[in-house]
Structures are given as structure tokens and as C-alpha cells.
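Q: Please find one structure pasted underneath; my questions will follow.
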Amino acid sequence: MAVDIFYSSLGWVGLRLSNGLLCELVFGKRRRGEVEGVLGRAHGSGSAKDLVSDLKAYLKGCKVDFKGYSVASSQLTSFEEKVLCECGKIGYGKCCTYAELARSCGRPRAYRAVGSALAKNPTPIVVPCHRVLSQDGIGGYSQGLALKKALLKIEGII
């Protein structure tokens, strides 16, 4: 297991990897201790070096494709896993609605369940749930609306 923590324009960022899989990503924290409270103290093994570099570049406004990173999904139901998989296909600078994502998951009326699944996303940014919007606006975000808007702004969506 490896934990890496760094500071960015959006506050403290931390990620935890296990057996090469990204298990959790936390960002937007005001204090390093808040990240450590969730992930534990940093003890990187170097295995997250590329991901940390890509996250730093992304948060500075560079177009980064995170599709090459493997994400752990053992704590998710099959539907939640499907939602996050489909969400991962939304390209940089693009967005869709909860209803559109529900349709792409084969459950066109399950847009509220899609929202609930996205709220459980343990790896925001890498699985870009911030790119999913409500039909009449921004919608919700488990990390807070200010952070969702900041990510959308980085990508030029708003």
C-alpha cells in the first residue's frame, strides 16, 4: 500500500494505492492532516509517481487523460461499478447529464441512482464524476459544489 500527499491550487491532495490499483483519492482539503485522517500518513513507494505527476499537471490546467490508471472497485455494487465505468468514458472538457449517464448504463430512468453511485466515487478526478451535470444546472458533488465548479473551470466547461 502506498499513500502520497501533495499540495495543489485546490488544497491538499492525497491518494492511496494498493497492488497498483488506485483505491482512494481525496482533494480540496485545507490541511494536510485532513488528508492523513482519511488516508493515513504518506509512505509512497514510488508506484504513484506518474499519477501524482498527472494530477499536478491536471490541476494546473493541462489536458490529462486518466483512462490508463486502474481503479479498485471492490466496495461497489455491480451497478455502481457500471456507472463509474461509463463515467470514466466522458472525455476531458466534455460533460453529460445524470439522465444521459443512466441511459448509457442501460437504466434510462435510474438517474437518481446514478447520482447516488457517483456520490460513492472513491477516486474523483480520475473517474471524472464532476463532468456529470443536472439538466438544469451543475447538480451535486460529494466534494462540494465549489470544487466541482473549480474542476469544470479547469477543463473550460464553465
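Q: Which one is surrounded by the fewest Cβ atoms within 10 Å (Cβ to Cβ) among residues in segment 63-93 that are without any contact (Cβ under 8 Å) to a residue 40 or more places away in the chain and of a type in the set (Asp, Glu)?
A: So, considering only residues that are without any contact (Cβ under 8 Å) to a residue 40 or more places away in the chain and of a type in the set (Asp, Glu), the one surrounded by the fewest Cβ atoms within 10 Å (Cβ to Cβ) is Asp65.
Q: On the basis of being over 14 Å from Phe6 (Cβ atoms), outside any loop (DSSP other than H, G, I, E, B) and among the aliphatic types (A, V, I, L, M), does Ala102 make the cut? Before the answer, list the steps.
A: Numbers: over 14 Å from Phe6 (Cβ atoms): yes; outside any loop (DSSP other than H, G, I, E, B): yes; among the aliphatic types (A, V, I, L, M): yes.
Spelling it out, Ala102 is indeed over 14 Å from Phe6 (Cβ atoms), outside any loop (DSSP other than H, G, I, E, B) and among the aliphatic types (A, V, I, L, M).
Q: Shifting gears a bit: Of all residues being surrounded by fewer than 15 Cβ atoms within 10 Å (Cβ to Cβ) and basic (Lys, Arg) in segment 107-131, which is nearest to Gly14 (Cα to Cα)? Just the residue, please.
A: Residue satisfying both the conditions and the ranking: Lys120.
Q: Looking only at segment 111-133, count every residue that is part of a strand (DSSP E or B) and either modelled with pLDDT under 95 or under 10 Å from the mean Cα position of the chain (by Cα) (or both) and tell me the total. Working first, answer last.
A: Let us first name the residues in segment 111-133 that are part of a strand (DSSP E or B), namely 124, 127, 132-133.
Applying the additional criterion that residues be either modelled with pLDDT under 95 or under 10 Å from the mean Cα position of the chain (by Cα) (or both) yields 124, 127.
Of the residues in segment 111-133, 2 are part of a strand (DSSP E or B) and either modelled with pLDDT under 95 or under 10 Å from the mean Cα position of the chain (by Cα) (or both).
Condition check ((1) over 17 Å from Ser8 (Cβ atoms); (2) out of contact with any helix residue (DSSP H, G or I) (no Cβ under 6 Å at 6 or more places or on another chain); (3) of a type in the set (D, E, K, R)) across all residues:
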residue	(1), (2), (3)
Cys23	yes, yes, no
Val26	no, no, no
Lys29	no, no, yes
Val35	no, yes, no
His43	yes, yes, no
Lys49	no, yes, yes
Asp54	no, yes, yes
Ala57	no, yes, no
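Q: Looking at segment 94-121, I want the residues that are more than 20 Å from Gln75 (Cα to Cα) and have a partner that is of a type in the set (Ser, Thr, Tyr) and exposed (fewer than 15 other Cβ atoms within 10 Å of the Cβ) with Cβ atoms under 7 Å, at least 6 apart or on another chain. Which pairs are those?
A: Thr97/Ser134; Tyr98/Ser134
Q: Could you tell me which residue of segment 15-62 is nearest to Gly156 (Cα to Cα), considering only residues that are of a type in the set (S, T, N, Q) and either at pLDDT 95 or above or surrounded by 12 or more Cβ atoms within 10 Å (Cβ to Cβ) (or both)?
A: First, pick out the residues of segment 15-62 that are of a type in the set (S, T, N, Q): 18-19, 45, 47, 53.
Right, trim to either at pLDDT 95 or above or surrounded by 12 or more Cβ atoms within 10 Å (Cβ to Cβ) (or both) and you get 18, 47, 53.
On the way: Ser18: 32, Ser47: 30, Ser53: 21 Å.
Here the answer is Ser53.
The values are calculated or read from the model by the stated rules, or taken from the named source; none is laboratory data. Given the structure is predicted, the values throughout are model-derived calculations rather than measurements. Here Cβ is always computed from backbone atoms with ideal geometry, including for glycine, and neighbour counts include all displayed protein chains.
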